[in-house]
Amino acid sequence: MLVTHPTRARATGPLLAVTGVVMTVIAAVTGRLRTLEPRLLGRENPDVLTSVLHAVVGTLFWTALVWTLAELIRATLCSPHRDVVDPTHTRGRRAWLAAQMWALLALLMIPLESADSAGLTFEQTIVDLPTYITSTPSVTAWLVVAVLGLVVALLALLATHLGGLVMATLVTVLAALPIPVTGAISVGLNHDFATDSGALAAIGMTIAAACVLVEVLDGPDSAVTCRLSWLERVGAIITLAGGIVVTWQGQAGHSWLSDRWGVARVVLLIASTVWVILSWLPQSRVRGWLRLGMVTIVLTVLGASSQLVPPRYLIGQTPAVNYLGYELPPAPSTGVLLAPGRPNIGFWTLSILGIAGYLFAVSIIKRRGEKWSGARIGSWIGAWVVVIYLASVGLWEYSSMQFSWHMLVHMTFNMLVPALLVLGAPVTLMREVFRTGDGIDDGLNGPHDCLVAALEWRPTKILFGPFAAWIVFIASFYVVYFTPIFGYLMRYHWGHQWMLLHFLMAGFMLFEYVIGLDDLPASLPHIGRLGFVITAMPFHSFFAVITMNAHQIIGKDFYQALSIPWVTNLRDDQNLGGQITWATGEIPMALVLIALCVQWFVSDRRDQRRVDASEDASLDESLAAYNDMLARMAGQEIKPQDPENRS
């Protein structure tokens, strides 16, 4: 079970309680300022009670989320409990309590966010809550976050396997996304930049703040600090960088100190800057509490500033800006599609982190004198280079407004990029690198322990196993495109980003079991892999044919709202999209099939050489025994290992 520090708990408990009270008071004062903010077009400002409660509960929610992640980190990555199975259910008990608070606060935010969005009182929305749950994406986001909180709470309480707590940790990190991407940053010109930056900043802040809280709770232990220091530094830097972009977009060209929202954002940026500096200083108890102070400021501003109106909110916008974040560009040409265009910050960042992390990991194992295939490195980097290119050229910009170009980008993310990624053997690389860290005898669980536990956890094998991967890969096409889901997601930048990430992961899961080089707990023989490819190809072809011949326009309301001047017939554009789907799907599948056959042939040759070597060794032993028998029959004494006396 977890080692507790009662003396330290008595010392830090009151200080943390006072910090919470100060955060609550500042959040309440900030919420009270809502009455001084300009009224948004078409709605009234909410009453004072609603504004104050919204700011306070929002601040407490972010605090509970960070607390939950901190307790999960203490129970997994920094836990002295080295056994994978904990039948006493005590390892995740504190995370269970924190997650319950997170879920409760998120549920309370549903009527508060409904009242804030509609300009009503808290009491009015409580009476007719079902009507408002899906009224805006921001309200629905709180419902999603509440459900995730309940899932994490159940995992923390019921999971006896370390892998269950590791997966709960990942879910907690992802729970930081829905609220910011559906909030103020999703409105107005350049909201595509702000949404990506806000999402990255939210994840970075949550992880870095949790690392600070772990150190405050457990003390400046060298083993814990060494394990979490780089996570905190990278997270704090991303928090600062993302915050700068969000503030730039929200201010819409106004002075950053000309309004209350801008002042709050400047305070957040100053606190983030100090936090980054402190994260690089030598560890000490004072440094830990100073960093906690900066985290407190960031969390308070993040939770309470939702009651302040950014200048961007007061500027009218066209349908194109509302949906895309930018005005419609001129009609595309081949040169425009292939030339540099509007960059995608989210996938740019993901690609850079993917390449840098992989190369850093390879450098670690090479410093140990081990080898890593250059083909694997080239395959991994090549996949992300494709993503960077797509996220940088005009094709990406036009894919958000035209179905045919969307399908080209989609199929590249679903077919080509995942096939290259799995050939980089990322899971094997992580195992090798993390195994080095676990060689340090600090008495704590290591990254390797957590990774293996997550892979070996039975629900992981089922939910991310080969058959689940095949079902998700096939069903995603039909569920997303032949239901209203596609039209809904395309209306929001975060929806389009999530869609592409989903198809990227769906392709990765399938190809990992087909041509992947990683040794996974649930693997398939080559004949099973071949069956996966062969059975997937017809479903893909059917989807392309249905898309080409469908009378119903996919995402009709969205494309009609954009009213793209050069797309005069949506059905013809959809037919072109179906043709692109067919062409860009069958060719990669055929290449995957060829790669699978080559791997099968190489594997058989390797197995045959192993059998031949075993047979040769067995033959040598038999020959030596035969010579010994002949020698005994002749009454001679011959040493078995003397080659000159062998027949």
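The values are calculated or read from the model by the stated rules, or taken from the named source; none is laboratory data. These numbers were taken from a predicted model, which means no experiment stands behind them. Because the Cβ atoms are built from the backbone with ideal geometry, glycine has one as well, and the counts that use them run over all protein chains shown. Just the protein is used for accessible areas: all its heavy atoms, side chains included, with ligands, DNA and RNA removed. Shrake-Rupley method; radii C 1.70, N 1.55, O 1.52, S 1.80 Å.
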- Filter result for Ala383 (modelled with pLDDT of 95 or more and either open to solvent by less than 30 Å² (accessible area, probe 1.4 Å) or of a type in the set (Gly, Ala, Ser) (or both)): yes
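Please specify each residue of the range 260-284 satisfying the condition of being among the small types (Gly, Ala, Ser) and part of a helix (DSSP H, G or I). So that I can check it myself, show each step before the final result.
Pass one, the range 260-284, residues among the small types (Gly, Ala, Ser): 262, 264, 271-272, 279, 284.
Across the range 260-284, the qualifying residues are Gly262, Ala264, Ala271, Ser272, Ser279.
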- Is at least one residue of the range 154-173 surrounded by fewer than 24 Cβ atoms within 10 Å (Cβ to Cβ), under 30 Å from Gly262 (Cβ atoms) and not acidic (Asp, Glu)? yes
- Flag if Arg287 is surrounded by fewer than 20 Cβ atoms within 10 Å (Cβ to Cβ) and not in a loop (DSSP other than H, G, I, E, B): yes
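So for the range 319-326 (the condition being hydroxyl-bearing (Ser, Thr, Tyr), assigned to a helix (DSSP H, G or I) and in contact (Cβ under 8 Å) with a residue 12 or more places away in the chain), does at least one residue qualify?
Going through the range 319-326, the residues hydroxyl-bearing (Ser, Thr, Tyr) turn out to be 323, 326.
Right, trim to assigned to a helix (DSSP H, G or I) and you get 323.
From what's left, in contact (Cβ under 8 Å) with a residue 12 or more places away in the chain: 323.
Checking the range 319-326: at least one residue is hydroxyl-bearing (Ser, Thr, Tyr), assigned to a helix (DSSP H, G or I) and in contact (Cβ under 8 Å) with a residue 12 or more places away in the chain.
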- Item | Residues (touching a Gly at 6+ places or on another chain (Cβ under 8 Å), of a type outside the set (Gly, Ala, Ser) and open to solvent by less than 10 Å² (accessible area, probe 1.4 Å)) located in the range 47-56 | His54
- Can you tell me which residues in the range 183-206 are surrounded by 24 or more Cβ atoms within 10 Å (Cβ to Cβ) and more than 12 Å from the chain's Cα centre (by Cα)? Ile185, His191, Asp192, Ala194, Thr195, Asp196, Ser197, Gly198, Ala201, Met205, Thr206
- Message: Can you find a residue that is in contact (Cβ under 8 Å) with a residue 12 or more places away in the chain, surrounded by 17 or more Cβ atoms within 10 Å (Cβ to Cβ) and either outside the structural domain of Ile185 (by the TED database) or closer than 23 Å to Val57 by Cβ (or both) anywhere in the range 228-240?
- Response: yes
- Message: Considering only the range 83-98, I want to know if a residue exists there that is among the aliphatic types (A, V, I, L, M), open to solvent by less than 30 Å² (accessible area, probe 1.4 Å), at pLDDT below 95 and part of a loop (DSSP other than H, G, I, E, B).
- Response: no
- Task: Return a yes/no flag: does the range 374-389 have any residue that is touching a Pro at 6+ places or on another chain (Cβ under 8 Å) and touching a residue at least 60 places away in the same chain (Cβ under 8 Å).
- Result: no
- Exactly one condition in (1) open to solvent by less than 40 Å² (accessible area, probe 1.4 Å); (2) at pLDDT 95 or above is not met by Leu501; state its number. (1)
- Message: of a type in the set (A, V, I, L, M), at pLDDT 75 or above and either loosely packed, with under 15 Cβ neighbours inside 10 Å or part of a helix (DSSP H, G or I) (or both): is that true of Met589 in this structure?
- Response: yes
- For the range 290-318, how many residues meet the condition of being part of a loop (DSSP other than H, G, I, E, B) and either within 25 Å of the chain's Cα centre (by Cα) or surrounded by fewer than 18 Cβ atoms within 10 Å (Cβ to Cβ) (or both)? 4
- Note on the structure: Picking from Ser541, Ser603, the residue that is over 22 Å from Ser476 (Cβ atoms) and either assigned to a helix (DSSP H, G or I) or among the aliphatic types (A, V, I, L, M) (or both) would be Ser603
- Pair list, Cβ under 8 Å, 6 or more apart: the range 561-576 residue among the polar types (S, T, N, Q), other residue open to solvent by less than 40 Å² (accessible area, probe 1.4 Å) and in a loop (DSSP other than H, G, I, E, B): Gln574/Ala550; Gln574/Ile553; Gln574/Ile554
